[in-house]
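Each remark here refers to the structure printed beneath this line.
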Amino acid sequence: MSRSSRIPGFHKLPISERIELLKDFAGLSTEDVEVLKKCGALGLDIAEKMIESVVGTLELPLGIATNFLINGRDYLIPMAIEEPSVVAAASNAAKMCRAGGGLFARATESLMISQIQLVKVPSPHTAAYKILERKEEIIELANSTDPVLIKLGGGVRDVEVRVIKSPQGPMVITHLIVDVKDAMGANTVNTMAEAVAPLLEKWTGGKVYLRIVSNLADRRLVRAWTKVPKDAVGGEDVVDGIVYAWAFAAADPYRAATHNKGIMNGVIAVALATGQDTRALEAGAHAYAARRGRYEPLSTWEKDENGDLVGYLEMPMAIGVVGGATRVNPVAKVSLKILRVKTARELAEIMGAVGLAQNLAALRALATEGIQRGHMKLHARQLAISAGAVGDEVDKVVEEMIKEGVIRADKAREILEKIRSKR
């Protein structure tokens with residue numbers, strides 16, 4: 001019997017009633033329902049205030065990466081991620097970087113871009129001139145929407161106008177360049193764009209459709225750098241292997257995508273732990289990687305005159321330490337305390353440094369024993385647990401899978417059955 005997903009007022013129901021409806025729709029068992037009801041630090045009462053139609057919460061492992069020395073300061077790094085080996089790899093890479101003085105990072109001002117789209121403009125280039133002619137008026141109006149931000153020293157720093165071609169004809173795009181200080185800033189710049197839009201229509205005779213933040217935050221960058229002595233990374237041959245691995249990514253977008261995914265393993269794990277908008281970070285990073293017309297790596301690795309390894313990373317980092325989930329999710333609040341950060345710029349620098357270290361760990365593994373060796377051992381543990389292994393059974397199943405060289409779910413079940421049959 002088919003059931004309809006058309007459930008008027010579902011979002012208005014109490015959580016318990018939503019779960020009962022879901023149980024009936026999907027044929028959930030009593031055990032399934034108990035899983036949904038069971039929550040960790042993020043309770044259903046808080047989750048209900050964060051998004052709509054809540055029926056549960058989803059937990060991820062929260063690990064701590066050690067050994068990080070960033071800008072001369074020691075950090076323990078909270079990382080929320082489901083992928084095995086990431087936390088261990090970051091810690092190991094950070095240890096290598098310490099041998100050369102650690103990691104160094106600098107973030108630019110917290111400048112975000114809000115876009116206002118004007119279409120059906122009678123004279124696009126004349127319209128662009130009219131808008132720029134009234135820049136001060138635009139800035140004054142936009143800033144009036146957020147007096148708190150202005151008091152903190154933020155606000156609109158500039159106005160830019162572009163005339164672009166599109167499949168629907170020319171468009172006049174106005175950019176508000178806004179210093180959002182310690183916030184991620186999307187809501188702030190969107191509100192400013194909403195306020196300014198009617199004036200632009202009046203001055204140009206065009207029609208405004210979109211008034212929205214750009215996630216290509218190319219005015220809000222982090223740059224991270226490290227020098228790793230050749231002995232710390234495994235010798236000059238390993239240095240060469242890492243540089244060749246980077247060169248492959250620089251020449252081939254298929255490889256560059258996976259290269260950058262390795263960077264984002266570190267960045268997004270910290271972002272999740274601290275309650276950031278991970279989708280905005282991913283979109284900005286990958287758009288920035290393609291800013292020159294082809295997709296390229298976000299990092300660069302080279303060998304210096306002494307044979308040591310030098311790495312550099314540059315990417316957008318639109319994050320905040322005020323507002324949003326950073327101040328609502330209890331785990332995010334604790335993670336920020338662990339990092340001991342007070343500003344968005346410091347957090348951006350930490351995340352950039354972690355991304356570079358994570359990239360180093362991945363490239364070194366690829367250039368030496370391959371990525372799978374350590375990764376698959378941890379993956380084997382996940383398979384053993386999902387097969388039902390408990391206690392010392394987990395290690396026994398993992399040991400046997402590695403011994404046989406077969407890391408699969410069916411093999412984990414088979415080994416577990418053999419272990420239990422011998423009891």
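The values are calculated or read from the model by the stated rules, or taken from the named source; none is laboratory data. Computed from a predicted model, the values in this text were never measured in an experiment. Every residue, glycine as well, gets a Cβ built from its backbone with ideal geometry; the counts of neighbours run over all protein chains shown.
Kindly indicate which of 249, 256 is more than 17 Å from residue 79 (Cβ to Cβ) and buried (at least 24 other Cβ atoms within 10 Å of the Cβ).
Of 249, 256, the one residue that is more than 17 Å from residue 79 (Cβ to Cβ) and buried (at least 24 other Cβ atoms within 10 Å of the Cβ) is 249.
If residue 243 satisfies every condition in (1) buried (at least 17 other Cβ atoms within 10 Å of the Cβ); (2) farther than 29 Å from residue 345 by Cα; (3) β-branched (Val, Ile, Thr); (4) outside the structural domain of residue 344 (by TED's automatic domain parsing) but one, which is the exception?
So the condition that residue 243 fails would be (4).
Please determine whether any residue of the stretch 350-368 is without any contact (Cβ under 8 Å) to a residue 24 or more places away in the chain, more than 16 Å from residue 224 (Cβ to Cβ) and surrounded by fewer than 23 Cβ atoms within 10 Å (Cβ to Cβ). Steps first, answer last, please.
Of the residues in the stretch 350-368, the ones without any contact (Cβ under 8 Å) to a residue 24 or more places away in the chain are none.
No, because not a single residue in the stretch 350-368 is without any contact (Cβ under 8 Å) to a residue 24 or more places away in the chain, more than 16 Å from residue 224 (Cβ to Cβ) and surrounded by fewer than 23 Cβ atoms within 10 Å (Cβ to Cβ).
From the set of residues in the stretch 379-423 that are under 21 Å from residue 85 (Cα atoms) and polar (S, T, N, Q), which is surrounded by the fewest Cβ atoms within 10 Å (Cβ to Cβ)?
The qualifying residue surrounded by the fewest Cβ atoms within 10 Å (Cβ to Cβ) is 386.
Name every residue in the stretch 165-181 that is among the hydroxyl-bearing types (Ser, Thr, Tyr) and either on the phi > 0 side of the Ramachandran plot or not in a loop (DSSP other than H, G, I, E, B) (or both), in order of residue number.
Scanning the stretch 165-181 gives a single hit, 174.
Have a look at 202, 207 and point out the one that is within 30 Å of residue 188 (Cβ to Cβ), out of contact with any strand residue (DSSP E or B) (no Cβ under 8 Å at 6 or more places or on another chain) and not assigned by TED's automatic domain parsing to the domain that holds residue 83.
That would be 202, the only listed residue that is within 30 Å of residue 188 (Cβ to Cβ), out of contact with any strand residue (DSSP E or B) (no Cβ under 8 Å at 6 or more places or on another chain) and not assigned by TED's automatic domain parsing to the domain that holds residue 83.
Report whether or not residue 73 is farther than 30 Å from residue 383 by Cα, surrounded by fewer than 15 Cβ atoms within 10 Å (Cβ to Cβ) and of a type in the set (D, E, K, R).
In short, yes.
Do we have residue 211 as in a strand (DSSP E or B), under 24 Å from residue 128 (Cβ atoms) and either within 25 Å of the chain's Cα centre (by Cα) or aliphatic (A, V, I, L, M) (or both) here?
yes
May I ask you to verify whether residue 55 is assigned to a loop (DSSP other than H, G, I, E, B) and under 22 Å from residue 331 (Cα atoms)?
Working: assigned to a loop (DSSP other than H, G, I, E, B): yes; under 22 Å from residue 331 (Cα atoms): yes.
So residue 55 fits the description; yes.
Return the residues of the stretch 231-286 that are closer than 30 Å to residue 41 by Cα, in a helix (DSSP H, G or I) and either in contact with a Cys (Cβ under 6 Å, 6 or more places away or on another chain) or among the β-branched types (Val, Ile, Thr) (or both); say none if nothing qualifies.
Hits for the stretch 231-286 are 263, 267, 268, 270, 278.
Given the options 26, 93, 47, name the one that is aliphatic (A, V, I, L, M) and touching a residue at least 60 places away in the same chain (Cβ under 8 Å).
Testing whether each residue is aliphatic (A, V, I, L, M) and touching a residue at least 60 places away in the same chain (Cβ under 8 Å) leaves just 93.
In this structure, does residue 35 turn out to be in contact (Cβ under 8 Å) with a residue 40 or more places away in the chain and among the β-branched types (Val, Ile, Thr)?
Spelling it out, it is not the case that residue 35 is in contact (Cβ under 8 Å) with a residue 40 or more places away in the chain and among the β-branched types (Val, Ile, Thr).
Quick check: is even one residue across the stretch 289-301 assigned to a strand (DSSP E or B), crowded, with 19+ Cβ neighbours inside 10 Å and not hydroxyl-bearing (Ser, Thr, Tyr)?
yes
List pairs: first residue in the stretch 153-164 and on the phi > 0 side of the Ramachandran plot, second residue small (Gly, Ala, Ser) and surrounded by 20 or more Cβ atoms within 10 Å (Cβ to Cβ) anywhere in the structure, Cβ distance under 8 angstrom, at least six positions apart or on different chains.
155/142
Kindly indicate which of 98, 73 is of a type in the set (Lys, Arg), within 30 Å of the chain's Cα centre (by Cα), over 21 Å from residue 362 (Cβ atoms) and assigned by TED's automatic domain parsing to the domain that holds residue 346.
On the way: 98 fails: over 21 Å from residue 362 (Cβ atoms).
Among 98, 73, only 73 is of a type in the set (Lys, Arg), within 30 Å of the chain's Cα centre (by Cα), over 21 Å from residue 362 (Cβ atoms) and assigned by TED's automatic domain parsing to the domain that holds residue 346.
Got at least one residue in the stretch 205-223 being buried (at least 17 other Cβ atoms within 10 Å of the Cβ), among the hydroxyl-bearing types (Ser, Thr, Tyr), at pLDDT 95 or above and more than 22 Å from residue 68 (Cβ to Cβ)?
Yes, there is a match, as at least one residue in the stretch 205-223 is buried (at least 17 other Cβ atoms within 10 Å of the Cβ), among the hydroxyl-bearing types (Ser, Thr, Tyr), at pLDDT 95 or above and more than 22 Å from residue 68 (Cβ to Cβ).
Give me the helices (runs of 4 or more DSSP H) completely within the stretch 81-152, filtered to those with at least 3 residues that are crowded, with 16+ Cβ neighbours inside 10 Å, ordered by residue number.
Helices (runs of 4 or more DSSP H) meeting the threshold: 86-98, 124-133, 135-143.
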